[in-house]
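Enquirer: Handing you this structure, nothing more for now.
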């Protein structure tokens, strides 16, 4: 009985010897081969995804993304492709990726090359000379590829880097969709683009919307995960339930859960983020993050870390730098003391006549918590992060 490998290699050779094959010719053969190697595997070769700069194949099992495959024509120099901007973007955003020219397969996990195998060399008259152990090696490679889980992250920097990579990738896909001219692709994002302009920024441009939307989606998932109970079944469809304090985010993710097909173009990458967050060691991440920032609200203060990884220039232009909480506490208490001792305001900052102007209202800063008046000297001042 013919094995999937034998069927695959025979068909590749037949097309190669025909002399008219292109990169696209072999895709159906590879799709059939990948799906034959393990039951339940679905290798989706959606032209809409490819047109928008996504990898050629999304490999799923029961609608859960396992990894991605980028194909090039037989004989294309993969060393050169490996150094291209396209592959660099893929490696930064996608943790499980195969690059292939249909005869050589390079497997990358978390941005690092893990294994390279070659099935055959092209001989005389375009006949394939099969490499020793080729069938065993390719079967093992795809078995490991299918079994690879999203890596566990355990530091703020590592988590920010992974989130930023996927955010970049989704942003670029949305820009491509809005500029593609394909009505079926544009419809869902034009709807959201118009909603953002109507509700938030009337002068918003397409590129700005793509940046804002992708950041909102990814960082919103992060915020939702931190708000979810520790043992909750955290999914893309349920994320909105944990965004208690922000009606806009809650509505945005509620739409995602109800209209998933409308944003199919970015669904696999959002699911990758869900997998990343579910496997993140938040106990270690928050412990380290708390030591560094001395803050009680990681959702607010982690944004500095995230933005430093996502777009350092944007971080600088927006002034997203958070003053350590002990410094804020010192400043607030000092001003409170001066108001009481130099200006004879017994309630200090809590006095109703005092107005506080923060010139940097775009970022969280120390805020005054005013307590009901009691006897003189009972006023309290605390610094607490605010969404401004």
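Enquirer: Relative to the present Cα-Cα distance, how much length would full extension add between residue 286 and residue 354 at 0.36 nm per residue of separation? Write out the running numbers ahead of the final one.
Expert: Details: separation 68, 0.36 × 68 = 24.48 nm, distance 3.58 nm.
That works out to 20.9 nm of additional length.
Enquirer: Starting from one equal scatterer on each C-alpha and no solvent at all, send me the Debye-based log10 I(q)/I(0) for the stretch 38-94 at q = 0.17, 0.26, 0.28 Å⁻¹, two decimals.
Expert: Values returned for q = 0.17, 0.26, 0.28 Å⁻¹ are -0.62, -1.13, -1.19.
Enquirer: Can you tell me the FRET efficiency between residue 61 and residue 244 if r is taken as the Cβ-Cβ distance and R0 is 35 Å, rounded to the nearest 0.05?
Expert: Working: r = 33 Å, r/R0 = 0.95.
The calculated FRET efficiency here is 0.60.
Enquirer: By the gyration tensor of its Cα atoms, with a ≥ b ≥ c the square roots of the eigenvalues, what is the shape of the stretch 4-147: rounded for a/c under 1.5, prolate for a/b over b/c, or oblate?
Expert: On the way: a/c = 1.44, a/b = 1.31, b/c = 1.10.
Here the stretch 4-147 falls in the rounded category.
Enquirer: Rounded to two decimals, what is Rg over Rh for the stretch 101-204 when you use alpha-carbon atoms and the Kirkwood radius?
Expert: That ratio is 1.19, to two decimals.
Enquirer: Between residue 346 and residue 35, what is the label-to-label distance in nm when each label sits 7 Å out along the Cα-to-Cβ direction?
Expert: According to this spin-label approximation, the distance is 8.1 nm.
Throughout, read-outs are computed from the coordinates displayed, never taken from laboratory work. It should be emphasised that the depicted structure is a prediction, and the values quoted were computed from it without experimental measurement. Glycine also receives a Cβ, built like all others from the backbone with ideal geometry; neighbour counts cover every protein chain displayed.
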